[in-house]
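This report refers to the structure that appears directly beneath it.
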Amino acid sequence: MFFTSFMEKASIIIPAYNEEKRIGSTLEEYSNYFNSLNKEGLVDYEIIVVINGTTDNTEKVVEKYEKLNRKIKHLTYKKGGKGFAIIEGFKYALERNKGFIGFVDADMATSPEEFYKLVKSIGHNNGVITSRGLKDSYVKTSFSRKLTNRGFNLVVRLFLFLPFSDTQCGAKLFDYKATKFIVSNMSFTQWAFDIEMLYLLVNNNFKIKEIPTKWVDKGGSKINLTKVPIKMFLSVVRLRLTYSPFKFVVGLYDRIPEKLKFHHTI
């Protein structure tokens, strides 16, 4: 993809798992907004939808919008998982873009206007992330989800000492150097992908900025607020062990036959 020299360069990765009911409106709104920025000479962008493990008509919907906007591309994989999808999107973007590369959830909880704030805010940092936990953020969601997010952030701070008020908000942007480092060093588990990514960057002297955001919870979430917190907690424990002198514990666990493992473990 050709980028003009006076524009910011941005690749936007959107992981999509069974998103046929929501991905169309997301692509339409992101296309309209970023096309207007492109016409103003502010951002030359591309949207890369990574369809992973889907069983519905997500791909057909994406193909429809791909024909309407040449800046939309899609990749399709049988394997699922948000972390896997983002890494594959990063690999694809790195071959095409030496500028900024980021990702956002498919549900439009983060509007295109809020994502563009990442581009404007990154400055001399290696990355910038949206946060629902900062004072100036606006968050519209259920009390149970707010409680889950805050509790999980406390666990992350206690176990990993990360300085962020929210590691899980689904919009993040990185420069080329940080993106390349992520792709080369991530092992990622499903529920700790964002955390491992930030942990590696922070502990390798990359500068990551956190900014307030407007985030509106959308219907149709596939997150089970009963089971997911357990999985996320165990993922953090595994991550902490992996990057400690007790890494051998994880290795021993991995040798246990699958049928003997705790069902909800990582």
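Before we move on, is Asn125 at pLDDT 95 or above, in contact with a strand residue (DSSP E or B) (Cβ under 6 Å, 6 or more places away or on another chain) and assigned to a loop (DSSP other than H, G, I, E, B)?
Yes; evaluated as a whole, the condition is true for this residue.
In the list Lys73, Lys91, Lys82, which residue meets the criterion of being within 20 Å of the chain's Cα centre (by Cα), at pLDDT below 95, open to solvent by 10 Å² or more (accessible area, probe 1.4 Å) and not β-branched (Val, Ile, Thr)?
Lys82
Each row is one residue, and each column tells you yes or no for (1) within 22 Å of Lys9 (Cβ to Cβ); (2) touching a residue at least 24 places away in the same chain (Cβ under 8 Å); (3) not in a helix (DSSP H, G or I).
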| site | (1), (2), (3) |
| --- | --- |
| Glu28 | no, yes, no |
| Tyr33 | yes, yes, no |
| Tyr45 | yes, yes, yes |
| Thr54 | no, yes, yes |
| Glu59 | no, no, no |
| His74 | yes, yes, yes |
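Of the residues that make up segment 163-182, is at least one hydroxyl-bearing (Ser, Thr, Tyr) and in contact with a Ser or Thr (Cβ under 7 Å, 6 or more places away or on another chain)?
Looking for residues that are hydroxyl-bearing (Ser, Thr, Tyr) and in contact with a Ser or Thr (Cβ under 7 Å, 6 or more places away or on another chain), one finds at least one in segment 163-182, hence yes.
Tell me which residues, restricted to segment 135-155, are surrounded by fewer than 15 Cβ atoms within 10 Å (Cβ to Cβ), at pLDDT 95 or above and not in a strand (DSSP E or B).
Scanning segment 135-155 gives a single hit, Asp136.
Could you list, in sequence order, all residues of segment 177-193 that are open to solvent by 10 Å² or more (accessible area, probe 1.4 Å) and either charged (D, E, K, R) or touching a strand residue (DSSP E or B) at 6+ places or on another chain (Cβ under 7 Å) (or both)?
Answer for segment 177-193, where residues must be open to solvent by 10 Å² or more (accessible area, probe 1.4 Å) and either charged (D, E, K, R) or touching a strand residue (DSSP E or B) at 6+ places or on another chain (Cβ under 7 Å) (or both): Lys177, Lys180.
The values are calculated or read from the model by the stated rules, or taken from the named source; none is laboratory data. Keep in mind that what you see is a predicted model, and the values were worked out from it rather than measured. No Cβ is skipped: glycine too gets one built from the backbone with ideal geometry, and neighbour counts run over all protein chains shown. Heavy atoms of the whole protein, side chains included, go into the accessibility calculation; ligands, DNA and RNA do not. Shrake-Rupley method; radii C 1.70, N 1.55, O 1.52, S 1.80 Å.
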